[in-house]
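Colleague: If you scroll down you'll find the structure; I have some questions about it.
Computed from the coordinates by the stated procedures, all read-outs in this text should not be read as laboratory data. From a predicted model like this one, the values you see are computed outputs, not experimental measurements. Note that each Cβ is placed from the backbone with ideal geometry, even for glycine, and that neighbours are counted across all protein chains shown.
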Amino acid sequence: MTETLMSYEEALGSYDPALGLEVHVELNTNSKMFCGCPTEFGAEPNTQVCPTCLGLPGAMPVVNGKAVESAIRIGLALNCEIAEWCRFARKNYFYPDMPKNFQTSQYDEPIAFDGWMDVVVEGPDGEPETFRVEIERAHMEEDTGKSLHVGGSTGRIHGADHSLVDYNRAGIPLIEIVTRPIRGAGGRAPEIAKAYVAQLRDLIVALGVSDARMDQGSIRADVNLSLAPAGSDVLGTRTETKNVNSLRSVERAVRYEVQRHAAILSSGRSILQETRHWHEDTGITTSGREKSDAEDYRYFPEPDLVPVAPSREWVEELRGTLPENPTARRARLQAEWGFSDLDMRDTVGAGALGLVEETVAAGAAPQAARKWWLGELARRANEAGVDLVDLSITPADVARVQALVDDKTVNDKLARQVIEGVLAGEGTPDEVVASRGLAVVSDEDALSAAVDKAIADNPDVADKIRDGKVAAAGALIGAVMKEMRGQADAGRVRELVLEKLS
Ligand SMILES: [Zn+2]
């Protein structure tokens, strides 16, 4: 079913969007949240399970201390208060991949609350601007297992013959980070949502508490959106788009929901409060399940676990282990790299700050690193519908490509082919240069012969250059580059052309 959409600009003329973001972070602890089972990704199904994470009667959970430590560090990095005493709660609902029929989570006593994060976005005048996102809470919980629907064409339950359940993921520690409603974002709501998730992911990476791979589900974002009539204080009815698994999808999903809500509201109908599914391929959301505010999960304090009461000394000790504050880090890197405010904003906005940093650490000049990540690689990521970090090329590879350009092994155009080869899994940049035969021809005799041939083939152009019309050299350089299949240093070719015709 195709939904009617209102144009984005028209929607913003009549409505103010309010955003809410819920981000689940899968921690990289060695064992699960409440048992000693291993947590490795990609193991054979149901090989990392025990009576506790399978929810067998009589099994007793024990809290993973390392997970509590990670939760506190995330909370502190988000400028949250850390609870002096809090409990786990049972969230009761039925799900085939949740064997206990309740999820051990936290309800009214989260480990961290009342924080904020400043994100950098484009201001109304085009200059970078800081926008504060308030964090309501960050709480600890456990992941569910995974269902695999077999026999259908889509992998969804509809049309499947049967379903299989893998409980390896059941009980993996999660931190859920929930924002307060984000208002006043206006037309920048999609950009702010993306910038928030991008910076949150950078922070999680810097903390070293998760693999932080959106494509593998170790960071998952749910996007809440509602519209209110422009100028109104009242929040509209919201929808919750689940498991949006890339930064660019976060941005697209917000934009799509703004347009969809506006079309419904302007026709006099009302928004159904529900969860929605995001479809990466078609760029639309579809209806999930209806969800009321008063959903009754029959939460109650978990009787099998002792409360968590982190001492103030421990909290302060953990505060001392935090990475550099993101705002300070951005300012430091900008100064070190000599980037303009706009260069910096674009780098952060593209989710490329860490990538550029690592590429520079691997030896590339900052502007060269930025050029590759925000140019050629951003274009390829966009084409493939993935985020930059999920491209199969490392910062070290990118630095090596630039080094090959710097020492004139390849020119810019060939460097793009090297990148294409690395992304296609053909090996390291050097291996791609060798296997594809991409190195620039530095054999002066071969170059000289190609230049002579171009001059002989284009006598009119050669005469113009002899008469002093140096600008005409471009045609001869082009002919030589074509003859050499692009594998020549254009600067050297130009020198040779002018030498021979002077
Ligand atoms: Zn277990």
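Colleague: Quick one: angle between helix 65-77 and the longest Cα principal axis of the chain, in degrees between 0 and 90, rounded to 10, please.
Modeller: It works out to around 70 degrees.
Colleague: In what sequence do Ile271, Ile204, Ile219 fall when counting other Cβ within 10 Å, fewest first?
Modeller: In increasing order of surrounding Cβ atoms, one gets Ile271, Ile219, Ile204.
Colleague: Are any of the pairs Lys32/Lys291; Lys66/Lys91; Lys413/Lys453; Lys194/Lys291 more than 27 Å apart by Cα-Cα distance, and if so, which?
Modeller: Lys32/Lys291
Colleague: Which distance in Å, rounded to a whole number, links the C-alpha centroids of the range 316-379 and the range 167-196?
Modeller: 22
Colleague: Further, regarding this structure: Per q in 0.14 1/Å, what log10 I(q)/I(0) does a Debye calculation on the alpha-carbon atoms of the range 381-485 return?
Modeller: Calculated log10 I(q)/I(0) at the listed q: -0.68.
Colleague: In addition: What is the set of long-range amide H partners of Glu142 at a cut-off below 5 Å, with H atoms built 1.01 Å from backbone N?
Modeller: Here Thr104, Leu174 satisfy the definition.
Colleague: What is the helix-to-structure angle for 444-457, meaning the angle in degrees between its Cα long axis and the longest Cα principal axis of the chain, kept from 0 to 90 and rounded to the nearest 10?
Modeller: Approximately 70 degrees, to the nearest 10.
Colleague: I want the antiparallel fraction of DSSP beta bridges within the range 8-317, as a percent rounded to 5.
Modeller: For the range 8-317, the DSSP antiparallel bridge percentage is about 95.
Colleague: How big is the gap, in Å, between the Cα center of the range 437-489 and the Cα center of the range 21-83?
Modeller: With the range 437-489 and the range 21-83 each reduced to a Cα centre, they are spaced 64 Å.
Colleague: While we're looking at this one, here's another question. Would you list which aspartates and glutamates come within 16 Å of Lys469, measuring only between C-alpha atoms, while excluding same-chain residues fewer than 8 positions from it?
Modeller: Asp460, Glu495, Glu499
Colleague: Then there's this: Which net charge results when you count Lys and Arg as +1 and Asp and Glu as -1 among the other residues whose beta-carbon is under 11 Å from that of Glu274?
Modeller: For residues surrounding Glu274, the net value is +3.
Colleague: Relative to the compact-globule scaling 2.2 N^0.38 Å, provide the ratio for the alpha-carbon radius of gyration of the chain.
Modeller: After normalising by residue count via 2.2 N^0.38 Å, the value is 1.19.
Colleague: Mind pulling the angle between the C-alpha long axis of helix 490-501 and the longest principal axis of the chain? Nearest 10 degrees, somewhere in 0 to 90.
Modeller: Taking the Cα atoms of the chain, the angle to 490-501 is about 10 degrees.
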